[in-house]
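Dropping a structure here in structure tokens format, bear with me for questions.
The values are calculated or read from the model by the stated rules, or taken from the named source; none is laboratory data. Nothing here was measured: the structure is a model prediction, and the numbers come from that model. Every residue, glycine as well, gets a Cβ built from its backbone with ideal geometry; the counts of neighbours run over all protein chains shown. Keep in mind that these areas ignore ligands, DNA and RNA; they rest on the heavy atoms of the full protein, side chains included. Shrake-Rupley method; radii C 1.70, N 1.55, O 1.52, S 1.80 Å.
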Amino acid sequence: MFPLETKPSFHILGLTRDQRVFRPSDWAERLAGIMAQFRDDQGSPRDRAVSMASGPSTAYSSLVLPVFVPHPRQAQAASGQVASLRAVLVSGRLYGVEPLAYEFLQQFAIDNDLITQTLDGQVA
């Protein structure tokens, strides 16, 4: 069997191309929740421990996680805090586990006009 092509890891930001915050407010948790079944048994021991520690019914996959990221367009607030956005971190390893799930997440971002950002900082 040939190894699958590797794909980049990326964030789906909770921000549309016209700079609107994506709703509902728990969208990232919902999206990561439906992807919880896709697990990487070959992942690092830390990844496996995190997913097992939080329990099977509430665990997210280490391949698709809800996260907060700095807002790409807003400067640091006067209080010194950086504005953040909800996002979903999609590991490129997901493609090796289930290519259709990886492609579903890419299409979700396109269908909802959401900004994606590879982990090397390129915005798509």
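Just the residues that are without any contact (Cβ under 8 Å) to a residue 60 or more places away in the chain, among the aliphatic types (A, V, I, L, M) and open to solvent by less than 80 Å² (accessible area, probe 1.4 Å), please, taken from segment 5-41.
Result: 32, 36.
Can you pull out every residue in segment 112-124 that is open to solvent by less than 40 Å² (accessible area, probe 1.4 Å) and at pLDDT below 95? Spell out the reasoning first.
As a first pass, look at segment 112-124 and keep what is open to solvent by less than 40 Å² (accessible area, probe 1.4 Å): 114-116, 118.
118, the sole residue that qualifies.
Report yes if residue 109 is assigned to a strand (DSSP E or B) and at pLDDT 95 or above, otherwise no.
So residue 109 fails the test.
What tally of residues in segment 87-106 results from selecting those that are farther than 15 Å from residue 14 by Cα, in contact (Cβ under 8 Å) with a residue 24 or more places away in the chain and in a helix (DSSP H, G or I)?
The total comes to 8.
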